[in-house]
Amino acid sequence: MEKFGKSQPVKRVEDIRFLKGEGRYIDDIADENALHCVFFRSSVAHGDITSLDVSEARSADGVHLVLTADDLAEAGVTKGLVTSMVPNHDGTTGPTPRRPVLAEGRVRFVGEPIALVVADSINAAKDAIELIECDIEDRPVHLDLHAGGDPIHDEVPDNRAFDYALGDKDGTDAAFAKAAHVVSLEVGDNRIISNPMETRACTAIWDGDRLHMGINGQGVWNFKTQLSRILNLDPEAVHVTTPDVGGGFGTKSMTYPEYFAIGQAARVLGKPLRWMAERGEGMLTDNAGRDLVSLAELAFDEDLRILGYRVHTRSNLGAYLSQFGPLMQTFLFARVLTGVYDCKNAYLRSEGIFTNTTQVDAYRGAGRPEANYLLERMMDRAARELNVDAWELRRRNFIAVDQFPYDTVSGETYDVGDFKRVLARVEETSDRTGFAARRAASEAQGKLRGQGLCYYIESILGASDEDVKIEFTEDGAIIYVGTQSNGQGHETVFAQFLSDQTGIPFEKIKVVQGDSDLISKGGGTGGSRSVTVQANVTLKAVAGIVEAFSDFLSDEMGVPASEIYFDDERFRADGSNLSPTMLEVAELAREKGRDDLLTHSAYAQLEARSFPNGAHVAEVEIDPDTGHVTLDRYSIVDDFGNLVNPMLVEGQVHGGVVQGVGQALWEQVVYDETGQLLSASFMDYAMPRAKDVPMFSFTTEAVPSTANVLGMKGCGEAGTVGSMAAVSNAVQDALWDRGVRQADMPFTPFRVWDMLNGQKTAAE
């Protein structure tokens with residue numbers, strides 16, 4: 001394969017083995033003699049464990065171990081899971097209730113692990129589970145997104161985890177006081193389940209005094225750190241690896257109780273163990289997403305320019321604080337508080353509420369979908385109430401090109417942008433001028449048609465620093481990366497980028513990821529960070545290689561090192577007839593015993609974030625007799641800055657759009673009044689299918705970022721960030737003339753039919 005030019009649409013090399021069924025996932029790498037793990041879980045949402053008898057289970061056929069909280073305590077495994085917290089608006093810090101590995105005397109959500117059974121087979125373990133006798137005295141449940149109710153944690157009497165604020169309240173109130181127009185809307189953001197193709201899983205084995213755990217996560221170093229902390233191990237005694245991963249969505253970036261219980265069980269038994277969650281088990285216990293309600297207000301002057309924006313939002317944190325949850329639902333929400341609009345007066349008040357559901361985290365976009373969804377629903381509502389064209393209202397309020405860099409109220413600095421240019425391009429690709437004719441055609445068939453616009457902006461989140469190691473072998477080169485692919489195509493894009501920068505043939509580059517022993521640290525994957533931060537540090541590593549190789553070649557080429565340059569393919573110098581490739585220099589170094597030149601490591605940190613943005617336009621057709629919503633057309637124009645591989649970008653955008661469409665039209669987690677999960681299988685939880693979405697029109701309008709030398713912006717979650725509001729605004733547009741003024745996701749047939757018929761749905 002020849003050297004790639006920049007931004008070439010290279011096909012994913014990893015797909016060959018995936019399509020042939022040759023992927024290596026957690027269940028594939030488990031030791032064939034590994035014992036099987038099954039968890040005994042709480043059947044009630046809130047209660048006190050009055051008795052727990054596991055004696056019969058321990059003596060059951062094929063059972064090797066039954067582990068309880070008492071056993072963990074006896075072994076000195078007493079630390080709780082790591083949690084995150086945000087400050088209250090008054091500067092105080094809220095309580096951080098301890099989350100145990102296995103329930104200690106009290107359960108707080110259905111599915112909370114109480115005991116671990118390890119047996120020869122899954123069936124033997126499940127049979128033993130049936131022999132466990134556990135009596136739980138019910139406590140009242142708290143499912144409402146308001147403070148109050150029976151305390152889930154004794155140290156949190158009102159079930160309010162935090163009451164966070166951001167922005168200039170006085171300035172915002174003053175802006176509203178002088179406003180010519182004020183528009184308000186309460187917006188619900190329904191709870192959803194990640195549902196990766198591969199459920200959470202792990203393997204564990206002790207090699208002497210060292211634990212090796214295989215986890216299908218989104219980066220190994222967080223797991224290594226927490227396993228070391230909770231199991232009281234020296235960090236060097238923990239080795240974490242990650243093979244192929246069948247989807248992550250943020251859900252797999254966090255630690256869960258199961259990993260620590262299994263790690264301890266492996267230490268006790270000294271035998272290899274394996275665990276894979278069943279689909280229903282994952283739906284019950286995986287960190288969920290969204291589940292918040294926001295009251296938003298926009299203030300405008302006489303010229304319909306935004307003066308201020310304020311929001312009061314309440315988010316469901318579930319029964320426990322998670323590793324990232326409160327941060328995602330507040331700080332990240334606030335980063336795009338004013339979106340792409342020129343507004344210096346904004347104020348957010350955010351409450352996190354404990355409920356008797358599993359813990360919550362904002363996967364599928366890490367807080368950006370919530371913020372953009374809310375603001376773009378508000379802009380759509382404002383356009384309707386103020387009788388102005390929704391596209392024009394946005395144009396009028398965009399941050400202008402000459403205003404960059406632009407300091408936002410949340411403390412971020414948008415480096416570049418040309419929002420009007422992107423919007424003009426999507427106006428063309430979506431054939432906006434033809435919408436009236438399409439609407440008339442739908443009406444002639446007795447259908448309702450609506451068009452929805454969303455202009456989003458997100459920020460590249462997660463760790464801004466990364467490590468890389470490049471090793472020259474006799475066959476080529478190996479690049480060890482600190483990120484972790486869970487379906488994005490990293491093996492292709494990182495090899496492609498290294499090939500672009502070094503001239504090493506693509507097929508001679510091997511990408512290695514997911515091994516805590518092979519690279520010192522890494523930030524993992526999440527928040528659209530991977531390619532931007534990994535390419536940035538790779539660029540630094542290549543610069544180090546060029547410098548070291550130039551010094552080495554000085555004697556060989558007979559010129560000072562300062563006169564040697566690398567043109568992305570060969571080392572050259574005026575007056576020398578030598579022009580070796582990078583691989584040829586490495587081979588020469590090997591022949592001369594210079595092994596120190598065969599491995600190069602680098603660390604780099606981005607100085608600032610970049611801000612992907614773009615416009616989504618959705619068109620829906622609704623059957624008023626049944627309430628069925630058909631997504632008929634979808635157009636996207638994104639500004640991702642410079643691209644490494646446009647083909648992979650398009651795939652990421654398409655997948656993200658479908659995730660957002662799924663939430664908008666079908667997906668919703670439902671609990672009954674006792675905290676039991678009613679949507680616990682695909683019979684009751686609807687996921688989008690290929691037939692449910694149209695072909696997408698996708699293009700890019702690049703405004704290269706100035707926040708990194710490559711001019712890149714992330715793209716991994718952009719599809720979701722834009723699609724929720726675009727589809728919702730399209731549905732609202734279709735229903736508006738029928739008198740529907742409040743339309744919240746998901747737009748299932750019954751809910752839409754109910755809106756049209758003016759009835760109060762059971763879900764409300």
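The values are calculated or read from the model by the stated rules, or taken from the named source; none is laboratory data. Since the structure is predicted, the reported quantities are computational estimates derived from the model, not experimental observations. Note: ideal-geometry Cβ built from the backbone for every residue, glycine included; neighbour counts use all protein chains shown. Keep in mind that these areas ignore ligands, DNA and RNA; they rest on the heavy atoms of the full protein, side chains included. Shrake-Rupley method; radii C 1.70, N 1.55, O 1.52, S 1.80 Å.
Given the criteria of a type in the set (S, T, N, Q), open to solvent by less than 10 Å² (accessible area, probe 1.4 Å) and part of a helix (DSSP H, G or I), does residue 652 qualify? So residue 652 fails the test.
None of 91, 111 is assigned to a loop (DSSP other than H, G, I, E, B), touching a residue at least 40 places away in the same chain (Cβ under 8 Å) and either surrounded by fewer than 16 Cβ atoms within 10 Å (Cβ to Cβ) or not hydroxyl-bearing (Ser, Thr, Tyr) (or both) except 111. The residue of region 221-260 that is surrounded by the most Cβ atoms within 10 Å (Cβ to Cβ), among those that are part of a loop (DSSP other than H, G, I, E, B) and among the acidic types (Asp, Glu), is 244.
Report whether or not residue 701 is in contact with a Lys or Arg (Cβ under 6 Å, 6 or more places away or on another chain), open to solvent by 10 Å² or more (accessible area, probe 1.4 Å) and in contact (Cβ under 8 Å) with a residue 24 or more places away in the chain. Answer is yes for this residue. Scanning region 41-64 for residues that are over 29 Å from residue 676 (Cα atoms) and surrounded by 13 or more Cβ atoms within 10 Å (Cβ to Cβ) returns 60, 62, 63, 64. Restricting region 14-40 to residues that are surrounded by fewer than 20 Cβ atoms within 10 Å (Cβ to Cβ) and aromatic (Phe, Trp, Tyr), the residue that is farthest from residue 65 (Cα to Cα) is 18.
Determine whether region 570-589 contains at least one residue that is open to solvent by less than 10 Å² (accessible area, probe 1.4 Å) and either of a type in the set (Lys, Arg) or closer than 30 Å to residue 446 by Cβ (or both). No: region 570-589 contains no residue that is open to solvent by less than 10 Å² (accessible area, probe 1.4 Å) and either of a type in the set (Lys, Arg) or closer than 30 Å to residue 446 by Cβ (or both). If you go through region 289-310 and keep only what is surrounded by fewer than 24 Cβ atoms within 10 Å (Cβ to Cβ) and within 24 Å of residue 676 (Cβ to Cβ), you end up with just 293. In the set (1) surrounded by fewer than 18 Cβ atoms within 10 Å (Cβ to Cβ); (2) at pLDDT below 95, the condition left unmet by residue 83 is number (1).
Checked across region 427-439, the condition of being farther than 22 Å from residue 725 by Cβ, touching a Ser or Thr at 6+ places or on another chain (Cβ under 9 Å) and not hydrophobic (A, V, I, L, M, F, W, C) holds for no residue.
The C-beta contact set for region 626-651 (first residue on the phi > 0 side of the Ramachandran plot, second residue buried (at least 24 other Cβ atoms within 10 Å of the Cβ), distance under 6 angstrom, 6+ apart or interchain) comprises 627/752; 641/705; 641/712; 641/713. Residues that are under 15 Å from the mean Cα position of the chain (by Cα) and either over 25 Å from residue 679 (Cα atoms) or among the β-branched types (Val, Ile, Thr) (or both) within region 189-234 comprise 192, 193, 218, 219, listed in sequence order. Going residue by residue through region 685-704, is there one that turns out to be under 30 Å from residue 45 (Cβ atoms), among the hydrophobic types (A, V, I, L, M, F, W, C) and within 23 Å of the chain's Cα centre (by Cα)? Yes. A single entry from 348, 307 fulfils the requirement of being modelled with pLDDT of 95 or more and more than 19 Å from the chain's Cα centre (by Cα): 307. Quick check on my filter: what residues within region 434-447 are touching a residue at least 24 places away in the same chain (Cβ under 8 Å) and either out of contact with any strand residue (DSSP E or B) (no Cβ under 8 Å at 6 or more places or on another chain) or open to solvent by 20 Å² or more (accessible area, probe 1.4 Å) (or both)? Once the filter is applied, which keeps residues that are touching a residue at least 24 places away in the same chain (Cβ under 8 Å) and either out of contact with any strand residue (DSSP E or B) (no Cβ under 8 Å at 6 or more places or on another chain) or open to solvent by 20 Å² or more (accessible area, probe 1.4 Å) (or both), region 434-447 yields 435, 438, 446, 447.
The residues in region 457-479 that are within 23 Å of residue 543 (Cβ to Cβ), open to solvent by 20 Å² or more (accessible area, probe 1.4 Å) and either outside any strand (DSSP E or B) or at pLDDT 90 or above (or both) can be counted, and the count is 6.
For region 392-407, a tally of residues being open to solvent by 10 Å² or more (accessible area, probe 1.4 Å) and part of a helix (DSSP H, G or I) returns 6.
In the condition set (1) assigned to a loop (DSSP other than H, G, I, E, B); (2) within 20 Å of the chain's Cα centre (by Cα); (3) farther than 30 Å from residue 506 by Cα, residue 679 is compliant with all but (2).
Residue 125 falls short of the stated requirement of being of a type outside the set (Lys, Arg), within 30 Å of residue 371 (Cα to Cα) and not in a loop (DSSP other than H, G, I, E, B). Within region 422-433, does at least one residue satisfy the condition of being outside any loop (DSSP other than H, G, I, E, B), among the β-branched types (Val, Ile, Thr) and open to solvent by 10 Å² or more (accessible area, probe 1.4 Å)? So far as region 422-433 goes, yes, one or more of its residues are outside any loop (DSSP other than H, G, I, E, B), among the β-branched types (Val, Ile, Thr) and open to solvent by 10 Å² or more (accessible area, probe 1.4 Å). Among the criteria (1) out of contact with any strand residue (DSSP E or B) (no Cβ under 8 Å at 6 or more places or on another chain); (2) within 20 Å of residue 159 (Cβ to Cβ); (3) open to solvent by less than 40 Å² (accessible area, probe 1.4 Å), the one residue 76 does not fulfil is (2).
Determine whether region 261-282 contains at least one residue that is under 23 Å from residue 323 (Cβ atoms), open to solvent by 10 Å² or more (accessible area, probe 1.4 Å) and modelled with pLDDT under 95. No: region 261-282 contains no residue that is under 23 Å from residue 323 (Cβ atoms), open to solvent by 10 Å² or more (accessible area, probe 1.4 Å) and modelled with pLDDT under 95.
Screening region 149-175 for residues that are assigned to a loop (DSSP other than H, G, I, E, B) and open to solvent by 20 Å² or more (accessible area, probe 1.4 Å) and picking the one that is nearest to residue 96 (Cα to Cα) gives 155.
Look through region 1-13, keep the residues that are at pLDDT 60 or above and under 18 Å from residue 508 (Cβ atoms), and return whichever of them is surrounded by the fewest Cβ atoms within 10 Å (Cβ to Cβ). Residue satisfying both the conditions and the ranking: 11. Please work out which residue is farthest from residue 252 (Cα to Cα), limiting yourself to region 480-494 and to residues that are touching a strand residue (DSSP E or B) at 6+ places or on another chain (Cβ under 8 Å) and surrounded by fewer than 24 Cβ atoms within 10 Å (Cβ to Cβ). Looking at residues that are touching a strand residue (DSSP E or B) at 6+ places or on another chain (Cβ under 8 Å) and surrounded by fewer than 24 Cβ atoms within 10 Å (Cβ to Cβ), I get 480.
The sole residue among 104, 56 that is over 26 Å from residue 272 (Cα atoms), touching a helix residue (DSSP H, G or I) at 6+ places or on another chain (Cβ under 9 Å) and either without any contact (Cβ under 8 Å) to a residue 24 or more places away in the chain or among the charged types (D, E, K, R) (or both) is 104. Looking at this structure, is residue 207 within 21 Å of residue 278 (Cβ to Cβ), of a type in the set (D, E, K, R) and open to solvent by 10 Å² or more (accessible area, probe 1.4 Å)? So residue 207 does not fit the description; no. Selection of region 200-218 for residues being farther than 19 Å from residue 485 by Cα, free of Cβ contacts under 8 Å to residues at least 60 places away in the same chain and either small (Gly, Ala, Ser) or in a strand (DSSP E or B) (or both) yields 207, 208, 210, 211, 212.
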